[in-house]
Each structure stands twice: as C-alpha cells, then as structure tokens.
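Enquirer: Could you have a look at this structure, given as structure tokens, before my questions?
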Amino acid sequence: MAAPMSGKFFSTDPTEIKDIVLLLTQNGLCPRCVLRFLGEGDTAVFRVSIEELTQKVISLADGQEGIFSSLPCPACLGILQVYLEGEFLNRIVETVKSSDHQFKTFICSLTTPVCSLLREHSFLLLLNEKFKSLYECKVIEDIASVKDVWKWRSGPILAAALNAPFEFKSKFDIILNFTYDKSDKECTFLSYHSPALFRKRKNQQKNYGDTYTRTNVAKVLSDITDGYFKRNYNIPKSNENSICKCNEIKCIHDAVFVAGRYNKYSRTLSQTPWILDGGRKSQSSVEEEICEPLKQKFRFTEQRFSSSGREDVDVRMLGKGRPFVVEMDDPHRVEFSAEDILEIQKEINKSADIKVRDLQIVDKKDVDKLKEGEIEKMKTYSALCWSKESLSEEQLHKLQEVKDLIIYQKTPIRVLHRRPLATRERIVYSMSAKKIDDLHFTLSLSTQAGTYIKEFVHGDFGRTTPNLGTLTGVECDILELDVQSVELDWPPSLEDS
Ligand SMILES: [Zn+2]
C-alpha cells in the first residue's frame with residue numbers, strides 16, 4: 001500500500017490514484033507529466049531528480065516496475081525529459097557564458113509548440129472520461145504547466161551553475177524556443193471548425209505570420225464541444241519522433257536607458273546620421289558622437305536616440321543643452337557606478353562639436369517626461385537676422401513689447417516632404433532685438449516648443465503669420481540660429497547636487 005507522496009492530488013483514494021497512474025503511463029506519459037495530471041502543484045516535489053521522482057510514481061502504482069515508456073512523452077513532447085537533464089542544462093549554461101552578458105539575476109522564458117495545448121486538452125478529456133467525478137470540473141489551469149515544472153526543476157540547477165538567483169522579474173532572460181515540426185498539422189482540424197480565425201495574416205514585411213497561435217488555438221478550444229474535439233483529434237501516442245527541438249537558446253538583457261543634455265557647437269553636424277541615397281551626407285552626427293562611447297562600454301546591439309525636440313543641422317544648441325535619452329537594446333554590460341558614467345561623459349566630451357552633461361542611467365518609466373516636454377515647454381533662441389532696410393529704434397522697440405503673441409504656421413515648405421500639411425498655432429512669449437549694423441540685428445526670443453523660428457523670421461512666403469516682416473513692415477531673413485535653452489527639468493541636473 002503506497003502512501004500518497006503529498007496531500008495535493010485531486011484524489012485522496014490510493015486505489016484511484018493507482019488507476020490514474022496506470023492510465024497515464026499506458027498512454028506513455030513521463031513521471032513529471034503523470035504527477036502534473038494527478039494534481040500535484042508543489043514546486044518542491046518536482047525539484048528532485050528524475051530517478052527519485054520515478055520511484056515515487058512507481059510506489060503510487062503499488063510498486064509496479066516497467067510502467068514507464070522510454071519513448072518521448074506525448075504530453076510534454078520531451079520537454080520534461082531530455083530537456084530537463086544535465087546535457088541540455090549544460091548547453092544552456094555554455095550558451096549563457098559565451099553570450100558574455102553581465103547579470104545579477106536571470107529568468108528563463110520557454111516557448112512551447114502550439115499543439116501542446118491540444119495535447120494537454122486531450123489528456124484532460126481522457127481523464128474526465130474515465131474518472132468523471134474527479135476531473136469534470138478541472139480545467140487546464142488546474143494542472144501545473146510544462147513551463148512551470150521545467151522552471152521549478154531547472155531554476156535551482158541553473159542558478160547554482162550561473163551563480164545567480166532565478167528571479168521572476170529579472171531583466172536578463174534566457175529564451176528557449178521549443179518547436180515541433182508536426183505542430184501545425186495537428187492543429188489543422190481547428191481551421192475547418194473556425195476558418196475565419198485562422199485566415200493567414202499578412203504582416204508588414206509581407207510574410208505570413210503563424211497561422212496557429214496560442215491565442216487563436218486556445219479560443220477555439222474553449223468554443224468547441226468535447227465530442228467535436230474527440231472525433232477530430234486522436235489521443236497522441238508516443239513515438240520516437242514526437243519530440244521537440246530546441247534549436248534556439250538566446251540570451252537577452254532588457255534595454256537600459258541613459259539620459260543627459262547635449263550642446264552642439266557646429267553648424268554642419270546633424271542630429272541623427274544623415275544618409276541620402278545610400279551615401280553619407282555628413283561625417284558624423286550628435287547621435288553617433290554620443291552613442292559610440294556608450295556602445296563601447298554598454299556593448300549594446302541597437303540604439304534609439306530621442307531628444308526633447310531637435311535643431312536643424314545649421315543650428316547650434318547652446319545654454320544648458322537639450323535633454324536626450326538613448327535606449328540601448330540588449331546591453332552586455334549593465335553595472336556602472338556614477339564615476340563610471342562620468343568617465344563615459346568625459347569620453348564623449350572629447351568631441352570638438354558636442355558636449356554632454358548630466359549623463360545618467362534612468363528608469364524606463366521616466367523616459368516619457370522627455371516627450372511630454374516636447375510640446376509643452378518653452379524654448380529660447382537667439383538669431384542673427386538681416387533686414388532689407390535699416391530698422392529704426394522704434395521698430396525694434398515694438399518687438400520688445402510683444403507678449404504671448406499667437407502665430408499661425410503652415411507646415412514649412414522645407415519640411416513638407418516629411419510632415420503633413422497643417423496649420424499649427426504657436427505662442428511667441430517674448431522678443432528683444434539688438435542692432436549690430438544697419439542691416440543686421442540679433443533677435444532673442446522665447447517661444448512655445450515646436451515653433452518654426454526660421455519661418456517666423458522670414459515668413460515662409462506668407463505661410464507663417466504674423467511674422468517678423470509683418471510686425472516690422474520690413475522684409476527680414478535669418479542668417480544664423482542658436483537654441484539658448486530648452487526648459488525641461490529632466491533628466492535631473494547632476495551639477496546642483
Ligand atoms: Zn511529459
């Protein structure tokens with residue numbers, strides 16, 4: 001008489017437990033899957049070795065030896081067998097080590113073949129048929145999942161080998177992609193039941209997406225009757241080919257964000273790489289000057305550079321600089337002290353054309369502050385302007401009296417090729433002008449973010465009204481423009497602290 005190994009099975013009757021074990025083993029299920037379908041959900045039970053576990057299940061079947069098949073398990077397709085043993089776990093450890101990521105904790109993400117859903121469903125139906133009172137109220141969520149059991153057993157083993165704890169919210173993910181080549185074929189009958197749901201979906205790259213996804217297969221499974229399912233889907237049998245492949249083990253670290261402010265002192269440096277017809281139009285860019293030194297340290301794969309607004313290639317960015325953030329994908333190095341970051345900042349600042357300040361690692365959730373600032377905040381500029389006729393002191397003084405002037409800007413001709421045609425309302429908060437010589441003056445102005453300054457000065461053929469020409473009565477043009485400040489309190493200044 002075998003004692004139940006835990007009190008957490010669906011049944012408490014040893015005879016019934018024995019019959020369930022025999023039914024499942026006759027269908028080729030592995031010891032871990034037998035325990036899953038018995039209702040075992042205790043992580044510690046699954047943590048032991050397969051030999052120990054096998055003996056425990058055998059003891060539930062009155063000590064009958066030879067109940068387990070040596071073929072791949074039809075429920076887990078081998079994931080809880082060969083893919084939970086030393087050789088495969090060693091392969092994971094090797095892959096992680098050769099990926100050369102820096103991490104403090106880790107998590108594993110498993111993708112299992114979509115047909116696993118059908119297989120689990122099928123075995124639950126079989127149990128429901130033979131042990132109705134026990135299984136009729138059970139749903140698949142009541143059974144410990146293959147993924148969870150895999151993690152319960154391998155988590156501590158990998159943690160010891162990698163010398164880092166397994167943690168569910170870790171930023172470092174070991175991705176295991178299990179595939180089974182007959183998965184789609186097994187799912188085919190579902191598309192006869194619900195053709196609209198499985199119509200091939202084209203994605204933007206004009207490739208076909210997967211027809212059978214976890215979501216749409218689960219949806220049909222919840223819709224169809226047990227009878228329909230049983231008529232169209234045979235209980236899967238073990239055979240030596242019914243095993244998953246795991247061709248892909250991938251390590252990836254969540255993106256890390258670095259923010260700061262930049263100054264640009266050049267009138268020939270664009271903000272982002274300027275590439276036209278496959279050729280470079282400029283030597284470098286603000287983005288590259290900032291990101292190259294970061295890349296050497298963080299060793300990321302891709303970057304996304306964004307800033308609070310942007311200036312044209314011929315516009316300098318002065319004052320305290322423009323806030324920016326760099327999103328760095330899959331960084332291989334992530335542990336940096338404030339001193340380390342300061343060193344990177346010094347490295348960036350060897351550039352002749354740009355300087356950064358307040359460089360720091362920021363939280364993903366704070367990055368939105370950059371975009372919020374883009375529309376609301378005030379910016380100040382100084383512009384070197386030309387007038388067709390000499391402006392009188394009186395005309396210049398009139399500019400000084402301007403307060404909160406609303407201007408209407410049609411999308412400038414120079415950006416029409418990449419921006420939709422629209423009329424935008426912007427506010428010029430204040431202005432002042434200082435004469436340099438008869439036909440030249442410096443205009444300082446503060447405006448709402450997003451104002452097109454060049455167009456406000458020359459009028460853009462009447463597309464911006466009012467403009468400097470209509471305000472002074474003299475045709476004006478702009479020769480040089482500098483951004484003096486971008487009023488955004490983010491990222492936090494490091495100099496004041
Ligand atoms: Zn199994």
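Enquirer: Among the strands (runs of 3 or more DSSP E) contained in the stretch 170-276, which hold 2 or more residues that are in the same structural domain as residue 366 (by TED's automatic domain parsing), of a type in the set (Gly, Ala, Ser) and surrounded by 14 or more Cβ atoms within 10 Å (Cβ to Cβ)?
Expert: 256-264
Enquirer: Let me ask something additional. Please determine, by comparing only the residues of the stretch 453-497 that are farther than 15 Å from residue 311 by Cβ, among the aliphatic types (A, V, I, L, M) and part of a loop (DSSP other than H, G, I, E, B), which one is modelled with the highest pLDDT.
Expert: Within the stretch 453-497, the match that is modelled with the highest pLDDT is 474.
Enquirer: How about the stretch 424-440: which of its residues are within 49 Å of the chain's Cα centre (by Cα) and surrounded by 14 or more Cβ atoms within 10 Å (Cβ to Cβ)?
Expert: Looking only at the stretch 424-440, we keep the residues that are within 49 Å of the chain's Cα centre (by Cα), and these are 424-433.
Answer for the stretch 424-440, where residues must be within 49 Å of the chain's Cα centre (by Cα) and surrounded by 14 or more Cβ atoms within 10 Å (Cβ to Cβ): 424, 426, 427, 428, 429, 430, 431, 432, 433.
Enquirer: Moving on to the next point. Give me the pairs: first residue in the stretch 75-89 and without any contact (Cβ under 8 Å) to a residue 12 or more places away in the chain, second residue of a type in the set (A, V, I, L, M, F, W, C) and more than 7 Å from the ligand (Cβ to nearest atom), beta-carbon distance under 9 Å, and six or more apart or on different chains, which are they?
Expert: Listed by first residue and then by second, the contacts come to 86/157.
Enquirer: A further question on this structure: When both residues are 6+ apart or on different chains and their Cβ atoms are under 8 Å apart, which pairs have a first residue that lies in the stretch 352-372 and is touching a residue at least 12 places away in the same chain (Cβ under 8 Å), and a second that is surrounded by fewer than 16 Cβ atoms within 10 Å (Cβ to Cβ) and assigned to a helix (DSSP H, G or I)?
Expert: So the pair list comes out as 359/342; 360/338.
Enquirer: Follow-up. Hey, among the residues in the stretch 69-114 that are of a type in the set (Val, Ile, Thr) and within 11 Å of the ligand (Cβ to nearest atom), which one's modelled with the highest pLDDT?
Expert: Selected residue: 79.
Enquirer: When you go through 488, 416, 445, 494 one by one, which is the residue that is under 30 Å from residue 325 (Cβ atoms) and in contact with a Phe, Trp or Tyr (Cβ under 6 Å, 6 or more places away or on another chain)?
Expert: Answer to the check: 445.
Enquirer: Tell me yes or no: at least one residue of the stretch 80-90 is in contact with a strand residue (DSSP E or B) (Cβ under 9 Å, 6 or more places away or on another chain) and surrounded by fewer than 22 Cβ atoms within 10 Å (Cβ to Cβ).
Expert: Taking the stretch 80-90 as the starting set, the residues that turn out to be in contact with a strand residue (DSSP E or B) (Cβ under 9 Å, 6 or more places away or on another chain) are 83, 88.
Then drop every residue that is not surrounded by fewer than 22 Cβ atoms within 10 Å (Cβ to Cβ), which leaves 88.
Yes.
Enquirer: Still on this structure, please answer the following. Just give me the residues in the stretch 41-68 being within 13 Å of the ligand (Cβ to nearest atom), over 21 Å from residue 246 (Cβ atoms) and not aliphatic (A, V, I, L, M), in sequence order.
Expert: Across the stretch 41-68, the qualifying residues are 54, 68.
Enquirer: Right, something else. Against the condition among the hydrophobic types (A, V, I, L, M, F, W, C), touching a residue at least 24 places away in the same chain (Cβ under 8 Å) and surrounded by fewer than 18 Cβ atoms within 10 Å (Cβ to Cβ), how does residue 50 come out, does it pass? Steps first, please.
Expert: Numbers: among the hydrophobic types (A, V, I, L, M, F, W, C): yes; touching a residue at least 24 places away in the same chain (Cβ under 8 Å): yes; surrounded by fewer than 18 Cβ atoms within 10 Å (Cβ to Cβ): yes.
In short, yes.
Enquirer: If residue 480 satisfies all but one of (1) under 26 Å from residue 322 (Cα atoms); (2) surrounded by 15 or more Cβ atoms within 10 Å (Cβ to Cβ), what's the number of the condition it fails?
Expert: (2)
Enquirer: Ok, one more. Assess whether residue 32 counts as being within 12 Å of the ligand (Cβ to nearest atom), touching a residue at least 40 places away in the same chain (Cβ under 8 Å), among the basic types (Lys, Arg) and not assigned by TED's automatic domain parsing to the domain that holds residue 244.
Expert: yes
Enquirer: (1) surrounded by fewer than 14 Cβ atoms within 10 Å (Cβ to Cβ); (2) of a type in the set (Asp, Glu); (3) within 21 Å of residue 249 (Cβ to Cβ): which one isn't true of residue 141, the others all being true?
Expert: Here residue 141 clears every test but (3).
Enquirer: Which one of these is aromatic (Phe, Trp, Tyr) and more than 27 Å from residue 220 (Cβ to Cβ): 46, 37, 123, 131?
Expert: 46
The values are calculated or read from the model by the stated rules, or taken from the named source; none is laboratory data. This one's a predicted model, so the numbers in the text were calculated from it and none came from an experiment. Positions of Cβ are backbone-derived with ideal geometry, glycine not excepted, and every protein chain shown enters the neighbour counts.
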